[in-house]
Amino acid sequence: MTTSTTDKHPLSDKLETIATNETYGLFPTPVSKYTVPNHDQLKKDILNWMNTSDILQKHVRSSITHNVVQVGESNKLLADLPQVSEVLQTAVLQHNENSMHYKCNLAVNESYLEIANEGAIYAPHEVSNCLYHSIYLINYDVEKHSSIKWRKNVSSNHYPIMQVDTTQLSPYNLTEATFTMKEGDIITFPSNLTFGYDSNPSNELITFSANIVPS
């Protein structure tokens, strides 16, 4: 990302304008959205799988969530529904090819399906010991459910040196951001990027999350 100011060349109006001021956005963070082409069928398969799976009130993310339950044991959905594994792999590979270009195979080392009901909260957090994190929006209504939000990491002792009000928002001073997403999207991003969502206003936000590692 670059912003610049240009002036006419001082020797001739016919010469190209010259840049007098440029600002560069260094180290942009890639967040990818892949729309699953056969989502309607996959959603039916997943809902049927959920009907025969146990609801786990307690899970390893209980400390950072409220009113969120896990359905089925970790990694079981991918084992039982390989068609879901296939689309997830496609989404992850496209993200890698469009961004980091890691020279390795990529695989899931942990995955889980969750239901967030009314008032659910997912505290801002990162995911450790993996390269990417993916979230598949299985049952999601943009008018009824919370959107995922990402936050700039401000935990460093050196950031910010000073806190000052800004005159307007820009890509450089945002501390929280999101974008338009819809049911059937798989969102993939670096696992060290802080993310979560605010109080969910309605029942049955269903997501499937996966941690991606080299294989």
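Here are a few things to note about the model shown:
- Take each peptide in 171-184, 132-145, count the other Cβ atoms within 10 Å of every residue, and average; sorted highest first, the result is 132-145, 171-184.
- Candidates Pro28, Pro190, Pro124, ranked by Gaussian network fluctuation over the chain, Cα under 10 Å, top entry: Pro28
- Taking the Cα centre of the chain as reference, the dipole from Cβ charges on Lys and Arg (+1) and Asp and Glu (-1) amounts to some 300 debye.
- Helical runs assigned H by DSSP (4 residues or longer) give the chain a calculated mean residue ellipticity at 222 nm of -5000 deg cm²/dmol, each run adding -39500 (n - 2.57) before division by the residue total.
- Relative to the current alpha-carbon distance between Cys104 and Val164, full extension at 0.36 nm per residue lengthens the span by 17.3 nm.
- In the chain, the longest principal axis of the Cα atoms and the axis of helix 39-51 are about 40 degrees apart.
- FRET efficiency for the Glu118 to Thr178 pair, using the beta carbon distance and R₀ = 25 Å, is estimated at 0.80.
- Cα-based shape type of segment 74-155, given that a ≥ b ≥ c are square roots of the gyration tensor eigenvalues and the cut on a/c is 1.5: oblate
- Between segment 121-148 and segment 176-215, the alpha-carbon center distance in angstrom: 2
- Contact order, relative form, for segment 58-215: 40 percent (alpha carbon pairs under 8 Å, 6 or more residues apart, mean separation divided by residue count).
- Cα-based shape type of segment 64-215, given that a ≥ b ≥ c are square roots of the gyration tensor eigenvalues and the cut on a/c is 1.5: oblate
- For Lys182, the aspartates and glutamates whose Cα falls under 15 Å of its own Cα, not counting residues fewer than eight places away in the same chain, are Asp40, Asp141, Glu143, Glu204.
- For segment 53-96: rounded, prolate or oblate by the Cα gyration tensor [a/c cutoff 1.5]: oblate
No value in this document is a laboratory result; all are computed from the given coordinates. Since we're looking at a predicted model, the values are computed, not measured. Every residue, glycine among them, receives a Cβ derived from its backbone with ideal geometry; neighbour counts consider all protein chains shown.
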